[in-house]
Amino acid sequence: MFPLVYEINTRIWLKKLSTTHNCSVTLGTVPDEEFAFFATSGFDMVWLMGVWQPSQYSKAIATAHPCLRTTFLEHLETVQPDDIASSPYSIPSYTVNETLGGKEELIQFREKLNKLGIKLMLDFVPNHLALDNEWLPEHPEFFIPVSTDELRHDPESGFEYAQGQYLAYGKDPYFPPWTDTLQLNYASKATQKMMSETLLKISDLCDGVRCDMAMLILKSVFNTTWSNLGGPMQEEFWSVAIAAVKQRHPDFLFLAESYWSKEWELQQQGFDYAYDKPFYDFITSAPVNTEKLAGHLGAEWGYQKKLCRFIENHDEPRAAGKIGLNNKAAAMILFSSPGMHLLHQDQMEGFRQKIPVQLVRQAPEPENKSLATLYKKLFALQKTPLFQEGEIERLDLNVANYSHCLGFHRFTSKEHAFILANFNATGIALDFRHPAIDGVTIDMLNILSTTTEHKSSGIHGSDHSIRVHLSPHEGVVITFCTEK
C-alpha cells in the first residue's frame, strides 16, 4: 500500500486550535473534528513535526539572529518574543515537550489515531543534537572534536563546551553549520549505540519516523565530511539500527529525508521510503522539466514504489506560491504517481507563505476552497486499487509543444488510467494511441479535470486513439475498465 501522510507543524497547529476554541489545546485535548478530518481525508499516517523538548540555546540563538529575524518579519508584520521558539531540529532530549501535553498525552493522541486505522510518525534527527543536549555533560566523546588549530582556519566551525575544548557544529557539507547544534561522531561505536538506543525509545511512542537528513549518516558521506576530525566510520549505522527497531516492531515505518540522489542507497539500508527530491525539482521548476520528469517516472519499479513524493513540505516553499498556475496539475501528477504521498499542513487550502520553523505563530491566509475540493478528489483517487497497485509507463504524446506536456499510463489487468498535464500558458490539443483503448467508447470513460466538472466534451476517441483538448495549466485523469 502507498501511504498518504499528513505533516503537521505541531506547535503552530495546537496554537491555532487554542485560538479557535478559546482554550488551551494540547495533544490530549485535540477536538474530535480534527480526527474526523484525518479519517475522512483518508490519511494513513499523521506526522507530528516538532514534538520534542525545545532547546533553550536554540531559542536564544533564533531570537538574536539578525537574518532569522528578517525571515520572521517576512512572515509576520510584528514579532514578539513569545512568537519565537527553538528549531524543532535542534533537540536536547527525545522527551515530549510538556507544553504540548507531554508523553502521556502523546500516547493518548496516538491511541485515537490508531483506533481510526491511522498511524503516528515522529521526527528522528540522527546527524546532530542541540548545544544543551542531555548527553554532552557526561559524554563529550559522542561528538566531533575540533582542535584550536582547526578553529584558527575556520572560527565558525566549533563550540567551546569547556575551557579550551571545542566541538564541531552540526552541518551539511554544502552549507554553513547549524550553530545551535553539535555534530555527532559516528566513527564512535558508543555514539552509534546511544543513537540506536534512542531510536528504539522513540519507536515505542509511534508507528514510524521521518529521519532528518538521513544521507548524512551514510558511511561514505560521513567519512568524506568528518573523518579528518573524528576518525573513519567503520560500519553503516542505518542497516543495524533499522533492523533492531523492526525486530521489536515489525511494521514500524522508516522514511528518509534524502538529497544528492542517495534515495536508492538509503532504500538498500532498510528504509521503507525515501524522499523523491528529483520529482520535486522537476515538477516545481519553471518551466516544468517534463522530459526529465517523464524519464524519472519510468524508473525501475522496485525503486519507484519506495519513494516519498511531495510538492511542498516544511523545508520547501509553499506549492501555491512556487508553482503558481501549475499547482493543480502538479498535485494531480503527484497523487497519480506511485509511492508514498506527503501532504503538508495548509497545502490543500492553498496557503502561500512558508513558515520559518522557529516561529510558533502563523500569519492568517485566505483559503482556496476549489483547491481543497480538488485535493479531496485526489485523495480518493490515490486510494483506488488502480493507483495503489497499477504499473506505470510513459505515453508518447502527439503534440508539437511536447516539452511542456506530460503523459503517463497507470494500469492493472482490468483497469487503466491515462494521466495528462498541460503546463503551457496556452490551451493545447494532443492525442495518443494505446492498445488498451481498443473497443473503448467515450461513455466508458471517467474523467477528472483540474479545471472543469464536465470534461467529456473536450475528449474524442477514434481508431485506438484519444484526442484531448487541455486548457492552460490543466491536468486530467481518464480512467476506464476493460475485461481482457
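The values are calculated or read from the model by the stated rules, or taken from the named source; none is laboratory data. It should be emphasised that the depicted structure is a prediction, and the values quoted were computed from it without experimental measurement. Counting neighbours? That spans all protein chains shown, and the Cβs are built from the backbone with ideal geometry, glycine included.
Quick one: which strands (runs of 3 or more DSSP E) sit completely within the range 157-234 and have at least 3 residues that are in contact with a helix residue (DSSP H, G or I) (Cβ under 9 Å, 6 or more places away or on another chain)?
Ranges flagged: 158-162, 165-170, 178-183.
Looking at H473, H460, H469, can you tell me which residue is under 27 Å from N327 (Cα atoms), at pLDDT 90 or above, surrounded by 13 or more Cβ atoms within 10 Å (Cβ to Cβ) and of a type outside the set (D, E, K, R)? Outline the logic, then answer.
Details: H460 fails: at pLDDT 90 or above; H469 fails: at pLDDT 90 or above.
Result: H473 is the single residue among H473, H460, H469 that is under 27 Å from N327 (Cα atoms), at pLDDT 90 or above, surrounded by 13 or more Cβ atoms within 10 Å (Cβ to Cβ) and of a type outside the set (D, E, K, R).
Can you say whether K262 is of a type in the set (D, E, K, R), surrounded by 19 or more Cβ atoms within 10 Å (Cβ to Cβ) and in contact with a helix residue (DSSP H, G or I) (Cβ under 6 Å, 6 or more places away or on another chain), as far as the supplied structure shows?
Considered against the rule, which asks whether it is of a type in the set (D, E, K, R), surrounded by 19 or more Cβ atoms within 10 Å (Cβ to Cβ) and in contact with a helix residue (DSSP H, G or I) (Cβ under 6 Å, 6 or more places away or on another chain), K262 comes out as yes.
Looking at T71, T78, T63, T95 in this structure, which one is closer than 23 Å to E257 by Cβ and modelled with pLDDT under 95?
Numbers: T78 fails: closer than 23 Å to E257 by Cβ; T63 fails: closer than 23 Å to E257 by Cβ; T95 fails: modelled with pLDDT under 95.
Going through T71, T78, T63, T95 in turn, the sole match is T71.
Among the residues of the range 182-203, is there at least one that is touching an Asp or Glu at 6+ places or on another chain (Cβ under 9 Å), touching a residue at least 60 places away in the same chain (Cβ under 8 Å) and surrounded by fewer than 19 Cβ atoms within 10 Å (Cβ to Cβ)?
Yes - at least one qualifying residue is present in the range 182-203.
Looking only at the range 94-114, count how many residues are touching a strand residue (DSSP E or B) at 6+ places or on another chain (Cβ under 8 Å) and surrounded by fewer than 17 Cβ atoms within 10 Å (Cβ to Cβ).
Residues meeting the conditions: 3.
Say we look at the range 8-33 and pick out the residues that are without any contact (Cβ under 8 Å) to a residue 40 or more places away in the chain and crowded, with 16+ Cβ neighbours inside 10 Å; which of these is nearest to T99 (Cα to Cα)?
V25
Tell me which residues, restricted to the range 413-456, are part of a strand (DSSP E or B), touching a residue at least 60 places away in the same chain (Cβ under 8 Å) and out of contact with any helix residue (DSSP H, G or I) (no Cβ under 8 Å at 6 or more places or on another chain).
Listed by number, the list holds a single entry, F418.
Take the range 345-365 and flag every residue that is under 27 Å from V476 (Cβ atoms) and either part of a helix (DSSP H, G or I) or not aromatic (F, W, Y) (or both).
Kept after step one, since they are under 27 Å from V476 (Cβ atoms), are these residues of the range 345-365: 346-352.
Answer for the range 345-365, where residues must be under 27 Å from V476 (Cβ atoms) and either part of a helix (DSSP H, G or I) or not aromatic (F, W, Y) (or both): D346, Q347, M348, E349, G350, R352.
Hey, can you tell me all the residues within the range 97-123 that are in a strand (DSSP E or B) and in contact with an Asp or Glu (Cβ under 8 Å, 6 or more places away or on another chain)?
K119, L120, M121, D123
Of the numbered conditions (1) in contact (Cβ under 8 Å) with a residue 40 or more places away in the chain; (2) surrounded by fewer than 22 Cβ atoms within 10 Å (Cβ to Cβ), C67 fails exactly one; give the number of that condition.
(1)
Does S86 count as in contact (Cβ under 8 Å) with a residue 40 or more places away in the chain, surrounded by 20 or more Cβ atoms within 10 Å (Cβ to Cβ) and within 23 Å of F159 (Cβ to Cβ)? Outline the logic, then answer.
Working: in contact (Cβ under 8 Å) with a residue 40 or more places away in the chain: yes; surrounded by 20 or more Cβ atoms within 10 Å (Cβ to Cβ): yes; within 23 Å of F159 (Cβ to Cβ): yes.
Answer is yes for this residue.
If H404 meets every condition in (1) under 15 Å from V477 (Cα atoms); (2) surrounded by 16 or more Cβ atoms within 10 Å (Cβ to Cβ); (3) under 29 Å from the mean Cα position of the chain (by Cα) apart from one, which number is that one?
(1)
Residue pairs, Cβ under 6 Å, 6 or more apart or interchain, first in the range 134-156 and closer than 15 Å to K189 by Cα and free of Cβ contacts under 8 Å to residues at least 24 places away in the same chain, second among the aliphatic types (A, V, I, L, M) and outside any loop (DSSP other than H, G, I, E, B). List them.
Close Cβ pairs satisfying both conditions: none exist.
Any idea which of S86, S58 is touching a Pro at 6+ places or on another chain (Cβ under 9 Å), in a loop (DSSP other than H, G, I, E, B) and modelled with pLDDT of 95 or more? Full working, then the answer.
Working: S58 fails: in a loop (DSSP other than H, G, I, E, B).
Checking each option against the conditions leaves just S86.
List the helices (runs of 4 or more DSSP H) that sit entirely inside the range 298-344 and contain at least 3 residues that are within 17 Å of the chain's Cα centre (by Cα). Show your work before the answer.
Details: elements: 301-304, 319-322, 327-336.
Because the criterion is at least 3 residues that are within 17 Å of the chain's Cα centre (by Cα), the helices (runs of 4 or more DSSP H) in the range 298-344 that meet it are 319-322, 327-336.
Considering only the range 249-280, state which residues are part of a helix (DSSP H, G or I) and either acidic (D, E) or under 18 Å from F237 (Cβ atoms) (or both).
E263, W264, E265, L266, Q267, Q268
Of (1) of a type outside the set (F, W, Y); (2) touching a residue at least 24 places away in the same chain (Cβ under 8 Å); (3) on the phi > 0 side of the Ramachandran plot, K354 satisfies all except one. Which?
The number of the failed condition is (3).
Name every residue in the range 1-24 that is within 23 Å of M121 (Cα to Cα), part of a loop (DSSP other than H, G, I, E, B) and either at pLDDT 95 or above or in contact with a strand residue (DSSP E or B) (Cβ under 6 Å, 6 or more places away or on another chain) (or both), in order of residue number. Before the answer, list the steps.
Our first condition is that a residue be within 23 Å of M121 (Cα to Cα); within the range 1-24, this holds for 1-18.
If we keep only those that are part of a loop (DSSP other than H, G, I, E, B) as well, we get 1-3.
Those that are within 23 Å of M121 (Cα to Cα), part of a loop (DSSP other than H, G, I, E, B) and either at pLDDT 95 or above or in contact with a strand residue (DSSP E or B) (Cβ under 6 Å, 6 or more places away or on another chain) (or both): F2, P3.
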